[in-house]
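The values are calculated or read from the model by the stated rules, or taken from the named source; none is laboratory data. Everything quoted here is computed from the prediction, not taken from an experiment. Cβ atoms come from the backbone with ideal geometry, glycine included; neighbour counts cover every protein chain shown.
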Amino acid sequence: MAIKPEQRLWLRIRLTSRQEISTIQNMEGVELFRSTMRIIDGKNILIEGYVPKRIYETLNKKYFIRILGDVEKLNEEAQRHVSKTNRYRQK
Amino acid sequence: MPFEPYLNVAEIESAMEDAATNYPSLCTLITLPNLTYNGKTSHAVKLAAGSATKRPGVLFLGGTHAREWGGSDILVAFMENILAAYAGSTGLTFQGKSYTAAEIKRIMESLDMFIFPDVNPDGKEYCQTVADWRKNRRPLSGSIGIDINRNYDILWDANVYFDPTLTFGYLYNPSSSAYHGPSPFSEAETQNIKWLADTYPGIAYSVDIHSSGQKLMYVWGDDENQSSDSTIAFNNAAYDGQRGLPADAYGEFIFDFDHQKVIRTANRMYNALFAVRGKSYTVGQIFNQVGVSSGSSACYMFSRHSTNPSHRKVFGFGIEFGQTFQPVPAEMKNIIDDIGAALVELCLCASEPDLYIRDSLADSGVEPSAGSLSASPDIIVRKNVVADPATEFGDITVDPGSDKVEIGNDNYIYVRIHNQGGQACDAVVRLYAAPLTTTCAPALWNFIDEVDVTAIPAGGFKISSAVTWPNVIDPGTGNHFCIVAVCGNTGDPIPDAGMIDSAGDFVKFMRSCNNIAYRNLTFENVLPDGWAIIPFVMKGFRDKKREYHLMLDGTALPPRSRIELRTAKRWLSAKTLKLEDMREVKARGLDHESVLRVGGKNTGVLRNVRFPEAAAPLFHLHIRISAEAKHGREYPVQIVQGHDGEEMGRITVMLRCIRRDKSPYLVLRQDGRVHRAGCARVQKARAIALMPYPDLESALRDGYKVDPDCLA
């Protein structure tokens, strides 16, 4: 029986320093997307990432977090918008 | 092909094949040499039209990260739009932003565009059919995949290069989505991009398209940019462990003119993008926008010329489109327009006039320049106005040389200015004079004048009108000068030389900026068995280590010739001074001077010459040419100043040998007057005191006055 992949969540996290980005990024299975990083009001940093659900529980105790979606569900939804043929060879 | 749905991997390949088939004269399919782990052959295309040579290249990368699908769609649409517009002689419209047919023509006919839309096909295929993914698909150490945009050879080993308070475990952990691989360029995907940069050395811009975050970024990515100290740089191991923290002592070096250029280009890309439908992107340096970057494409591209000066300077940019990795199709369609406009604008920037003045005949305008820095064939001094400079100086494969400057009279300077852009332009040229010097440091420059040069053709050159150098005065080196020319216009501004205060900066500045050149070339007539005496200045800079070397090369002199270097004793008194193939000799009556004689092969090196910042010590080169010198021949002698193993500048002295019986006129050095060969004073004089001339006119042109007793 295939092992079900770990559920990951798409999160927006509020941090207060860049060092916290490194700390979180070093957690197993966590991906932070620094291209989404925004420094707001001069002190708070907003950043998005994909985080395993088990780590979300830990992070949620320490940081302000907003859940934006379920990663695999988002991917499944996006796959519906991928061409299933080769349109260049159907001319 | 209208967008929707997203292109799959096979379609991206087919799109390129079709473009090459449908537009064979405009689009070339490039097969990349390295197969992906899953055995896929990657392709790029080259778009170019017309026959212009020396075209700058622009490299477009998409699909590096597997899940960022739209990068490929953006580049395929860009390729198809540009080709169709050029072939149909139409413009291009991206909603609220339009480009004219003339602009598209300019891009296609003056640039080489390299489009690599699907850098990571294995990853994309997996992500589009199986599950979310970022890296490539190569298995390694029990995990799968390497992050391609952390695998370039630029500050790759982050734990070594960056401040230890920053932790980079995710780069070293194979199961991490940002694992940087076992070594730089370990992956077929990055090797393919390196291959493109190596194979097409004209590439001068690169843009790597990612998502998401709505950002437009330029180099550097390891720390904040600074333009004040060129030694504080990614390739200086002395700063390992200090990079990556904002607002501290470390900043990554970028010349101010390069910094302004990337800012200007990024802002123009943003303005074009905004005009499409008012979408707001933030524009800034990679480090400020996304934090520390290690092993990324944009920084690698811009680092290449610093790591290897034979590589062209490549301005690196990054785009993060949209707000999610896979925007819904309706939004992706708009994003294709947003980024398409930004890319066309980047191409327009790349095809704009790029002015340059050559450092040597071998200089093609590429930054950084290689070869000699101080022999610009484009700076031409004449004693008289030239009737038809376009004819006289029109062959740019030839160095027309320079007249010896005439002291006390007006002289005239012409400059050949080249334009390697895709558009004609005007420019201003400023000229400066300095004493003959091995390093033409800005502190020595004296402004002569400036001149406007109009309508410099795209891919061509123009000769300035004569710049009058009025009533020239002796700068301390007689009629031996260094002439500096700097050019610029609004789009390619005159560089600010004010930041040059170290020897390292000077060399990098002169090589890295093609808007500036200088000529250090002097001529001297000499009798066989006679002497030439050339005064010149060495110049110090602010440096932590103020040690220079001076190399003398007279190997072209006839056998039994001799070279001596003379200067005040205090400049050569340091205990650290080292002489190679030179020795100090005692000279009668010269108690305050050091006299160094070069060895029998007429080449020697003086190492560890030290002097303070403000000093500009005067040296005299005494060259005794042997009796074996042949009449009519020119014998070059080179004086090269170096620092840290790198040449900073050189003087070339051309000795023109004239036999005594072919010299009806001689200049007596002590009075600077022209005498007849039969004159009693000349007969009594030693050869060292005489300069021969085949005719009176050439002696007068060199600025000497006739002796009234001898030549009434």
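Assorted remarks:
- Condition met for A:S35 (facing chain B (nearest Cβ under 8 Å), touching a Leu at 6+ places or on another chain (Cβ under 7 Å) and either within 26 Å of B:G70 (Cα to Cα) or of a type in the set (S, T, Y) (or both)): no
- Taking the criterion of being touching a strand residue (DSSP E or B) at 6+ places or on another chain (Cβ under 9 Å), more than 10 Å from every other protein chain (Cβ to nearest Cβ) and buried (at least 19 other Cβ atoms within 10 Å of the Cβ), the residues of segment B:173-195 that qualify are B:Y179, B:G181, B:N192, B:I193.
- Within segment B:218-254, tally of residues that are within 19 Å of B:Q289 (Cβ to Cβ) and aliphatic (A, V, I, L, M): 4
- Count of segment B:360-374 residues, restricted to those that are aliphatic (A, V, I, L, M) and over 16 Å from B:F509 (Cα atoms), is 2.
- One residue alone among B:S293, B:S306 is surrounded by 17 or more Cβ atoms within 10 Å (Cβ to Cβ), within 14 Å of chain A (Cβ to nearest Cβ) and at negative phi, and that residue is B:S293.
- When segment B:458-479 is filtered for residues that are modelled with pLDDT of 95 or more and not aliphatic (A, V, I, L, M), the ones remaining, listed by number, are B:F461, B:K462, B:S464, B:S465, B:T468, B:W469, B:P470.
- Of everything listed in (1) in contact (Cβ under 8 Å) with a residue 40 or more places away in the chain; (2) over 30 Å from B:N409 (Cβ atoms), the single unmet condition for B:G371 is (1).
- None of A:G42, A:G69, A:G29 is of a type in the set (G, A, S) and at pLDDT 95 or above except A:G69.
- Residue identified as at pLDDT 95 or above and assigned to a strand (DSSP E or B) among B:T454, B:T397: B:T454
- The set of residues from segment B:365-394 being part of a loop (DSSP other than H, G, I, E, B) and hydroxyl-bearing (S, T, Y) comprises B:S369, B:S372, B:S374, B:S376.
- Every residue from segment B:260-281 that is part of a loop (DSSP other than H, G, I, E, B) and within 33 Å of the chain's Cα centre (by Cα): B:Y281
- Among the candidates B:A272, B:A342, B:A330, B:A298, residue that is of a type in the set (A, V, I, L, M, F, W, C) and surrounded by fewer than 22 Cβ atoms within 10 Å (Cβ to Cβ): B:A330
- The residue of segment B:159-172 that is surrounded by the fewest Cβ atoms within 10 Å (Cβ to Cβ), among those that are touching a residue at least 12 places away in the same chain (Cβ under 8 Å) and within 8 Å of chain A (Cβ to nearest Cβ), is B:T165.
- Checking the stated criteria, B:D198 turns out not to satisfy the condition of being charged (D, E, K, R) and in contact with a strand residue (DSSP E or B) (Cβ under 9 Å, 6 or more places away or on another chain).
- The strands (runs of 3 or more DSSP E) falling completely within segment B:582-669 that include 3 or more residues that are within 15 Å of B:T567 (Cβ to Cβ) map to B:582-585, B:593-598, B:603-610, B:618-624.
- Note on segment B:197-252: residues that are in a loop (DSSP other than H, G, I, E, B) and within 12 Å of chain A (Cβ to nearest Cβ) amount to 8.
- For segment B:510-541, filtering for residues that are buried (at least 22 other Cβ atoms within 10 Å of the Cβ), among the aliphatic types (A, V, I, L, M), modelled with pLDDT of 90 or more and in a strand (DSSP E or B) leaves 5.
- Scope segment B:282-315; condition small (G, A, S) and part of a helix (DSSP H, G or I); matching residues: B:S297, B:A298, B:S303, B:S306
- Annotation: of all residues in segment B:415-454 being crowded, with 24+ Cβ neighbours inside 10 Å and hydroxyl-bearing (S, T, Y), the one that is nearest to B:T477 (Cα to Cα) is B:T437.
- Of the residues making up segment A:47-84, those that are within 14 Å of chain B (Cβ to nearest Cβ), in a helix (DSSP H, G or I) and not polar (S, T, N, Q) are A:I55, A:V71, A:E72, A:K73, A:L74, A:E76, A:E77, A:A78.
- Residue match in segment B:684-704 (condition: closer than 19 Å to B:K383 by Cβ, at pLDDT below 90 and among the aromatic types (F, W, Y)): yes
- Condition check for B:E584: acidic (D, E) and without any contact (Cβ under 8 Å) to a residue 60 or more places away in the chain: yes
- Selection within segment B:119-144 - more than 11 Å from chain A (Cβ to nearest Cβ) and in contact with a strand residue (DSSP E or B) (Cβ under 8 Å, 6 or more places away or on another chain): B:V119, B:R137, B:R138
- If you go through segment B:17-46 and keep only what is in contact (Cβ under 8 Å) with a residue 60 or more places away in the chain, more than 17 Å from B:I193 (Cα to Cα) and not hydroxyl-bearing (S, T, Y), you end up with B:A19, B:N22, B:L26, B:N38.
- Residues being surrounded by fewer than 17 Cβ atoms within 10 Å (Cβ to Cβ), modelled with pLDDT of 95 or more and of a type in the set (A, V, I, L, M, F, W, C) - total across segment B:41-92: 2
- Residue count for segment B:610-655, restricted to those that are under 28 Å from the mean Cα position of the chain (by Cα) and either within 17 Å of B:R597 (Cα to Cα) or hydroxyl-bearing (S, T, Y) (or both): 5
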